Amino acid sequence: MEIVRDLEGLPAHPYPVIALGNFDGVHMGHQTILRAAIDRARREQGTAFALTFDPTPAKVLAPDRAPRLILTSDDKLQLLCKSGIDSVLVANFTHELSLLTPREFVRQYLVERIGVRTVVVGHSVSFGHNRAGNAAVMTDLGREFGFDVVVVGPVNVAGMEVSSTKVREVIVSGDLRTAANLLGRPHFLSGPVVHGRERGRKIGFPTANIQARTECLPPDGVYATRLILDDGPHASITNIGMRPTFAEPERTIEAHVFDFNRDIYDQDVRLEVIERIRPERKFDSGEALAAQIAADLKRARLILSPA
């Protein structure tokens with residue numbers, strides 16, 4: 001499994017099949033596209049590629065309006081690698097690339113650089129200058145250049161069509177259970193553990209202060225979570241917010257890990273956000289906060305306990 005950023009120097013592969021997309025979230029819809037590409041490549045004894053872009057096009061073309069990404073670039077690539085795909089191709093998205101017509105993009109990237117034999121896309125795909133390319137345009141270009149096109153239709157989970165937009169919507173609303181259903185996994189935040197003000201330690205609940213690189217965060221509140229370390233998941237409870245009891249000036253993500261006494265400062269971690277317990281609120285004293293945290297801990301343990 002490899003990640004390739006130099007598409008100019010890509011060697012020839014047997015029967016290349018490309019799953020094309022931004023893949024933010026690598027959600028259930030994306031997973032269906034990836035599986036279709038893998039299945040086609042296996043039938044043809046070929047090679048299954050995921051072709052994606054870095055940075056994501058919206059960050060280049062409309063940075064002020066770009067949506068908050070569900071995954072960091074590194075996290076997205078790791079999940080793509082775990083999907084069973086043979087290789088991930090990363091095209092550097094630039095203003096110059098954005099000016100290519102759909103036909104120019106297909107000819108230069110898919111045909112000339114990769115030698116594609118089959119392209120797999122979602123039904124709502126867009127590509128090329130001014131997003132002029134769609135699934136029908138890709139199908140026409142396949143006929144012109146001699147490759148097959150597989151269009152994957154809508155994927156529905158619990159009566160909802162899965163999309164990155166829908167996943168973001170439920171995350172920012174605090175509905176992490178629905179987000180997990182759409183993603184096929186819990187939503188997670190990633191970043192290093194940094195030194196904080198040690199407020200939690202002073203009231204008997206030491207926390208890991210996580211400096212999240214993830215953009216799409218749930219609303220302020222208290223959550224049942226799992227901290228993912230090298231040795232696996234650790235049950236935890238996390239506060240996301242401004243710590244109004246202490247009138248702190250910045251938003252923080254502080255995870256208290258159950259039955260845990262290790263130094264993990266400066267480690268990169270993942271924090272799976274399982275369920276919202278309550279909104280963040282101000283308490284009259286540290287003692288009142290500690291009493292509420294104790295109640296929250298019981299609720300978190302219940303949520304995280306095996307069924």
Once phi for every residue in region 102-108 is put through the Karplus expression 6.51 cos²θ - 1.76 cosθ + 1.60 (θ = phi - 60°), the whole-Hz ³J(HN,Hα) values, with Gly and Pro written as x, are x, 5, 5, 4, 4, 5, 6
Computed about the Cα centre, the charge dipole of region 95-186 from +1 Lys/Arg and -1 Asp/Glu charges at the Cβ has a magnitude in debye, to the nearest 20, of 180
Treating every alpha carbon of region 129-220 as one equal point scatterer without solvent, the Debye formula yields log10 I(q)/I(0) values at q = 0.20 Å⁻¹ of -1.01
Cα convex hull volume per residue for region 1-117, in Å³, equals 100
The simple spin-label model distance between ASN92 and GLU144, using points 7 Å out along Cα→Cβ, in nm, is 2.7
If the chain between HIS195 and THR101 were fully extended at 0.36 nm per residue, the gain over the current Cα-Cα distance would be 29.0 nm
For GLU250 and GLN45, extending 7 Å from Cα along the Cα-Cβ vector and measuring point to point gives, in nm, a value of 5.8
Expected unfolding gain across LYS59-ASP268 under the 0.36 nm per residue rule, minus the alpha-carbon gap, is 72.8 nm
Its Cα gyration tensor gives the chain an equivalent ellipsoid whose semi-axes in whole Å, largest first, are 42, 18, 17
Output row, site ARG213, 7 Å Cα→C-beta label point, backbone N cut-off 17 Å, window region 40-62, residues 53-56
Mean-square fluctuation maximum in Gaussian network of the chain, Cα pairs under 10 Å, restricted to VAL150, VAL121, VAL60, hits VAL60
Expressed in angstrom, Rg and Dmax over the Cα atoms of region 1-46 are 12.0, 32
Per residue convex hull volume, Cα only, region 17-67, in Å³ is 60
Sites removed, the longest contiguous part of the chain containing no DSSP-loop trypsin sites (Lys or Arg not before Pro) with at most 16 other Cβ within 10 Å is 83-196
Non-local residues with an amide H under 5 Å from the amide H of VAL157, with H modelled 1.01 Å from N and Pro and chain starts lacking one, are VAL162
Of SER190, SER173, SER285, the most mobile residue in a GNM of the chain (C-alpha springs, cutoff 10 Å) is SER285
Treating only Lys and Arg (+1) and Asp and Glu (-1) as charged, each at its beta carbon, one finds that region 54-207 has a dipole about its Cα centre, in Debye to the nearest 20, of 700
Result: in the chain the number of Lys pairs with C-alpha under 22 Å apart, spaced 8 or more or on different chains, is 6
Given the candidates PRO279, THR32, SER164, the one whose Cα lies deepest towards the positive end of the charge dipole of the chain, counting +1 at each Lys or Arg C-beta and -1 at each Asp or Glu C-beta, is PRO279
Between the residues PHE147, HIS95, PHE105, the Cα farthest towards the positive end of the dipole of region 72-207, that dipole coming from +1 and -1 charges on the beta-carbon of Lys, Arg, Asp and Glu, is from HIS95
Relative contact order of the chain (C-alpha contacts under 8 Å, at least 6 apart) in percent is 16
Hits for the chain under the membrane-span-like helix rule (DSSP H, Cα axial span at least 24 Å, Kyte-Doolittle mean at least -1.0) are 286-304
About its Cα centre, the chain carries a charge dipole, from +1 on Lys and Arg Cβ atoms and -1 on Asp and Glu Cβ atoms, whose size in debye to the nearest 20 is 680
At q = 0.15, 0.19, 0.24 Å⁻¹, the log10 of I(q)/I(0) for region 218-295 from a Debye sum over equal Cα scatterers comes to -0.55, -0.87, -1.23
So for R0 = 25 Å, FRET eff. of GLN108-ALA136 from the Cβ-Cβ r, to 0.05, ends up at 0.75
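Just from its helices, what would the mean residue ellipticity at 222 nm be for the chain, if runs of 4 or more DSSP H residues each count -39500 (n - 2.57) and the sum is divided by every residue, rounded to the nearest 500 deg cm²/dmol? Display every interim value, and only then the final one.
Working: 10 runs with 90 residues, N = 307.
Using -39500 (n - 2.57) per qualifying helix, the result is -8500 deg cm²/dmol.
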Most fluctuating of TYR265, TYR109, TYR15 in the GNM of the chain (C-alpha, under 10 Å) is TYR265
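No value in this document is a laboratory result; all are computed from the given coordinates. Small disclaimer: the values here were computed from a predicted structure and weren't measured. As a convention, Cβ positions derive from the backbone with ideal geometry for all residues, glycine included, and neighbour counts pool all protein chains shown.
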